[in-house]
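The values are calculated or read from the model by the stated rules, or taken from the named source; none is laboratory data. Because the structure is predicted, anything quoted here is derived from the model rather than measured. Ideal geometry is used to build each Cβ from the backbone, glycine not excepted, and the neighbour counts take in all protein chains shown. Surface areas here come from the heavy atoms of the whole protein model, side chains and all, with no ligands, DNA or RNA. Shrake-Rupley method; radii C 1.70, N 1.55, O 1.52, S 1.80 Å.
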Amino acid sequence: MGAHPFRRLPRRAAGAGSIILVFGSGGQLGQELAALARQRGLALRGLTRAQVDIANPSQVENALAEARPSVIINAGAYTKVDRAEAEPAEAMQANATGPGVLAKACAAAGLPLIHVSTDYVFDGSQPGTYRESDPIAPLGVYGRSKAAGEHAIREILSEHVIVRTSWVYGVYGANFLKTILRLAGEREELRIVADQRGCPTSTADLAEALLAVAQALGKGRAVFGTYHFAGSGATTWHGFAQRIVAAQQPFTGRFVPVLPIRTDEYPTPAQRPANSELDSSRFSETFGYTARPWADAVDHAVEQLLAPLGTTP
């Protein structure tokens with residue numbers, strides 16, 4: 001391949017001229033990052049999966065050489081939890097091989113990498129909240145692929161920040177909240193799993209968190225390592241859905257009962273952890289930012305989506 005095109009690229013300082021380069025900008029989190037950066041007047045460049053495949057070393061190297069960023073955020077991933085059981089190669093390519101390629105490119109360029117991971121690296125058997133130091137034991141292909149991506153980054157690049165999050169939703173892309181809004185407009189009742197617990201996390205809050213990390217890195221703070229960041233408080237998928245349905249009623253006039261069911265009443269190809277509660281205190285202590293209470297963030301997202309539409313969800 002020859003000499004690396006940006007091996008001696010000096011890291012940019014924070015402030016004017018600093019560029020945040022986001023891979024996976026077409027997803028719900030990537031779009032939220034771009035919108036927030038515009039509001040804050042931050043220089044952020046996004047690259048979609050169609051523009052750059054992070055598992056392709058030459059494409060990644062060219063992207064870094066062209067953008068000359070100060071920090072990299074990997075916001076892209078294969079997130080189809082059930083489909084991953086039938087497509088393990090695709091999941092591993094996106095969630096393990098790609099992050100390893102990014103880490104190698106960042107190491108060569110002297111750039112820090114912020115990588116988003118998942119609560120699904122845990123098996124859910126722990127009774128309390130999960131801290132960063134708790135052992136991982138993913139149950140399915142998706143969780144294993146994300147765990148492999150974390151491992152690749154740690155092995156290759158010391159200057160990394162891995163942010164594990166959970167139950168992500170927002171106004172962009174496809175997610176649980178938008179699915180429930182659609183179903184609440186189509187069905188007379190909803191049946192939702194009530195024996196899996198987690199922390200719903202708004203992409204708006206997660207984007208704030210990632211930009212807080214990027215700015216800390218830009219200031220030269222040695223904040224490297226693994227952190228948990230999720231919505232404040234915990235609930236079940238049933239409780240999550242109940243809040244969404246309650247929030248949509250003032251806009252749609254529809255009341256839809258949400259009935260609790262057990263996991264074994266709704267079989268899926270992938271096994272999911274019964275407990276996905278993440279302890280985000282380390283993130284809050286390090287970066288000075290805490291997510292909103294999950295229910296408040298849900299209400300706000302529903303309002304953003306439905307208020308402009310009047311009574312049509």
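For the pairs LYS80/LYS178; LYS104/LYS146; LYS104/LYS219, note any where the Cα-Cα span goes beyond 20 Å. The pairs that break the limit, which is 20 Å between Cα atoms, are LYS104/LYS219.
Could you work out what % of the accessible surface of region 164-313 is carbon and sulfur, using a 1.4 angstrom probe and leaving DNA, RNA and ligands out of the count? The C+S portion of the solvent-accessible surface of region 164-313 is 51 percent. Its relative contact order, with pairs defined as Cα atoms under 8 Å and 6+ residues apart, puts the chain at 20 percent. Find the centroid of the Cα atoms in region 137-212 and in region 13-79, then give the distance between the two in whole Å. Cα centroid to Cα centroid, the span is 19 Å. Largest mean-square fluctuation among PRO127, PRO273, PRO57, in a Gaussian network model of the chain whose springs join Cα atoms under 10 Å apart, belongs to PRO127.
Rounded to whole numbers, the Karplus 3J(HN,Hα) couplings from phi for region 35-52 are 5, 5, 4, 4, 4, 8, x, 8, 7, 10, 10, x, 10, 7, 4, 5, 7, 9 Hz, using 6.51 cos²θ - 1.76 cosθ + 1.60 with θ = phi - 60°, and x at Gly and Pro. What angle, in degrees between 0 and 90 and rounded to the nearest 10, separates the Cα long axis of helix 98-109 from the longest principal axis of the Cα atoms of the chain? Between the helix axis and the principal axis of the chain, the angle is about 30 degrees.
A 1.4 Å probe run over the protein chains yields, for the chain, 44 Å² of accessible area per residue, whole-number rounding. The angle between the Cα long axis of helix 176-186 and the longest principal axis of the Cα atoms of the chain comes to about 30 degrees, rounded to the nearest 10. When the Gaussian network model of the chain links Cα atoms closer than 10 Å, the mean-square fluctuations of ASN56, ASN275, ASN95 top out at ASN56.
Relative contact order of region 42-98: 39 percent, from C-alpha pairs under 8 Å at least 6 residues apart in sequence. Per-peptide packing, taken as the mean over residues of other Cβ atoms within 10 Å, places 218-231, 195-208 in the sequence 195-208, 218-231 from highest down.
Axis angle, to the nearest 10 degrees, between helix 237-252 and the longest C-alpha principal axis of the chain: 80 degrees.
Given springs between every Cα pair under 10 Å in a Gaussian network model of the chain, which of ILE114, ILE73, ILE261 has the largest fluctuation? Most flexible of the set in this elastic network: ILE261. Based on DSSP H segments of at least four residues, each scored -39500 (n - 2.57), the chain has a per-residue ellipticity at 222 nm of -12000 deg cm²/dmol.
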